There are 2 protein chains.
Amino acid sequence: MATGRTHRPATRSRGIPEATVARLPLYLRALTALSERSVPTVSSEELAAAAGVNSAKLRKDFSYLGSYGTRGVGYDVEYLVYQISRELGLTQDWPVVIVGIGNLGAALANYGGFASRGFRVAALIDADPAMAGKPVAGIPVQHADELERIIQDNGVSIGVIATPAGAAQAVCDRLVGAGVTSILNFAPTVLTVPDGVDVRKVDLSIELQILAFHEQRKAGEEAHADGAGPAAARRTGTGSDASADQGPDGDVPAVMPA
Amino acid sequence: MATGRTHRPATRSRGIPEATVARLPLYLRALTALSERSVPTVSSEELAAAAGVNSAKLRKDFSYLGSYGTRGVGYDVEYLVYQISRELGLTQDWPVVIVGIGNLGAALANYGGFASRGFRVAALIDADPAMAGKPVAGIPVQHADELERIIQDNGVSIGVIATPAGAAQAVCDRLVGAGVTSILNFAPTVLTVPDGVDVRKVDLSIELQILAFHEQRKAGEEAHADGAGPAAARRTGTGSDASADQGPDGDVPAVMPA
DNA sequence: CCATCTTTGTGCACGCGTTCACAAAGACAT
DNA sequence: ATGTCTTTGTGAACGCGTGCACAAAGATGG
C-alpha cells in the first residue's frame, strides 16, 4: 500500500534507542512467523503479544523507524518485515568468522539461526593444528595463522570468539587488527577494544548465576517452615544490619575465607 | 512476610537492583582471579578496571550488599568472594537439567563454567529415543518421558532449554509443571510461563543482528567518502535518509526468512 | 595523640526507558 | 458525505540506573 510518505519522523531520523534496537529482532521473528502464515496485517496488540512485550512499547519502538502503520487497521506484515530487516542491516550479506572451534564453536557453526538471517559463516578458525582441514558443519577449519588473510579476503567485519578465556583477548586483538569492528564474545572475559569496535558478550555462566540469585530469593521467602535447602548451605542469620554497627568480625559465619 | 525476618543491609532491606545483580557475577569472576593470585585486598578502582565497569558504579553496587570495604585500604578479596557468592546463592549446590541434547545442548553439557560455580548437571534429556543412554560429557542422556521423575527425584529447580524452537514451549510447560521455577532458554521463542517462574533468554541470532545494526550504521557514516562496504551487497543510501524514499508500492523485495 | 593521606560510601542530579492515556487518523457502514 | 469505531502515534509523567563529587572513616607516619 503506497500510503507513501505521511510525514517523516523528523524527531529522530538517526538515533534509534539502544533498547529499541535490541527488540527489533524480536519483532522481526514474530513478523516472519506471521508472514509464513500469510497473515496480511497485524495490530500492535497482537504483535506485541507474539513478541512478548507491551503494545505501547512496540508502537513507540516502531515510531522511531517511521510511520509504518495504518490507523484503524494495523501494520502490513510484509512491509514491516522489510523495513525492520533493512533497518537492522539484514538486507546485506554479513560474512562472519568463528574463532575457537571447540564444543561451543562447533555448535555455533551448526546453528541454523545465523544463516537464515543474512549471516554467512565465512570461515572457522582454530589454533589447534590438528583441527585444520577437518570439516565442521560442512566448512573446513582453518588454522589461526590464516586469520588476518581470511578476514581481509572476505571483508569480514563481524567476528565470533568461542575460545577459552585465556586466548580471547589475544584473538580479539588480532581480529580488530585485521579490520573486524564487531565482536560477539562467548569467552568469559572482559575484552578491551579500541573505540569504534562494538563488543557484545554472551556469558552462559552469568545467566545461570542470575537465575540462582532469584531462585534463592524465592526459596528464602518460603523457607520459614522448611529449614532444609536443596543441598548443604547452612545459612546463618546473614548480615544482621551491616550498616549501623558493622564489625567485619562478629557476624561472619563459620565459613570464612581461608 | 514482607517484613518478617528480613534484615539486610539497612538501606535496601530487600531489593538489590536487577542491574546490580547482573554485575555481581562479573565482580565475582574478577575477584576469583585475584584470589588465585593471592592478592589480599583490592581497591574499587582496580577491581572496577578488572571487571570493566566504572568504579563509582562498583562501589554503589557493593553498598547494596553492605559495608564490606575498609576506607583507605579497599576490599578484602577473600571476604568479598564469600559475600558475593552467598548473595548469589552459589554456596548452595544447584542441580540443573539440560533439555535438548543437540549441538548446543551437548556444548552446554561440556561447558566447564557451569560446574565451577556450584551448578551441577543433574541430567541430560532428549526426545530422541536414539539418544537415550548415549553418554554426553560423561552423563547418559535420558529420554524425555523421564523428565518429571528426574526433576522431582533430584529437586531440580533450574532448567535449561536447548531444543528447537517448536518444542520449547511444550518442554517449558512440562518443566514448570514438574516444579522448575527458573529457566534458561536458548530456543528462539518467546516462552510463556506462570507468575513466579523466571525466564532468561539467550538468543545467539539476536545478538548478531544487534551487531549488524551498529555495523551498518558505522559503515553508513563513513560511506560518504569511502564507498566501499565490507563485502558484497552494498546497498545504496544505507541508513542515512532511509525513511520515505523508495516507493514501497508494488512488491516487497525479497527478504527471505527461512 | 595529632596531622595527613587514601579510599570508601552515598546524596544528588541527570538521562534513558517504560508506561499511561488520549487526540488524531483513517477504515467502514449507512 | 457523515458519523462511528478501531487503532496508531506520541506527549507527558514516572522510575530506574548511572556518574559526579564530596564528606566521613580509617590507616599511616611523625
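Dimensions of region B:18-88 based on its C-alpha atoms, expressed as ranges along the principal axes with the largest first, amount to 30, 23, 21 Å. The distance between label points at A:S38 and B:D93 comes to 5.7 nm (points 7 Å beyond Cα on the Cα→Cβ vector). Sorted from nearest, the other copies put their B:E45 label points 5.8 nm away, the label point being 7 Å from Cα in the direction of Cβ.
Averaged over peptide B:72-79, the number of partner chain Cβ atoms lying within 10 Å of each residue's Cβ comes to 1. If R0 equals 56 Å, the separation of the Cβ atoms of A:N110 and B:T70 corresponds to a calculated FRET efficiency of about 0.65. The orientation-averaged projected area of the convex hull spanned by the Cα atoms of region B:87-176 comes to 5.8 nm². In this simple spin-label approximation, B:S55 and B:E18 carry label points 7 Å from Cα along the Cα→Cβ vector, and these lie 3.1 nm apart.
Which shape class, rounded, prolate or oblate, goes with region A:143-202 when its Cα gyration tensor gives a ≥ b ≥ c as root eigenvalues, a/c under 1.5 marks rounded, and past that a/b bigger than b/c marks prolate? Because a/c hits 1.5 or more and a/b fails to exceed b/c, region A:143-202 counts as oblate. Each of B:K201, B:K218 has its accessible area taken with a 1.4 Å probe; listed largest first, they run B:K201, B:K218. Report, in listed order, any pair from B:K60/B:K218; A:K201/B:K134; A:K134/B:K218; A:K60/B:K201 with a Cα-Cα distance greater than 25 Å. The pairs that break the limit, which is 25 Å between Cα atoms, are B:K60/B:K218; A:K201/B:K134; A:K134/B:K218. Of B:S182, B:S116, the residue with the largest accessible area leads and the full order is B:S116, B:S182 (1.4 Å probe). Basic side chains Lys and Arg get +1 at the Cβ, acidic Asp and Glu get -1 at the Cβ, and with that the dipole of region B:18-88 about its Cα centre reaches some 140 debye. With the label put 7 angstrom out from Cα along the Cα-to-Cβ vector, B:G15 ends up 2.8 nm from the copy partners, going from closest to farthest. Take each residue of peptide B:113-120, count the partner chain Cβ atoms within 10 Å of its Cβ, and average: the result is 4. On the beta carbon distance between A:E46 and B:I139, with R0 = 35 Å, the FRET formula returns roughly 0.25.
The values are calculated or read from the model by the stated rules, or taken from the named source; none is laboratory data. As the structure is a computational prediction, the values presented were derived from the model and not from experiment. Please note: Cβ atoms are built from the backbone with ideal geometry, for glycine as well, and neighbour counts cover all protein chains shown. The protein model used for the area step is the full one, side chains on, heavy atoms only, and it has no ligands, DNA or RNA in it. Shrake-Rupley method; radii C 1.70, N 1.55, O 1.52, S 1.80 Å.
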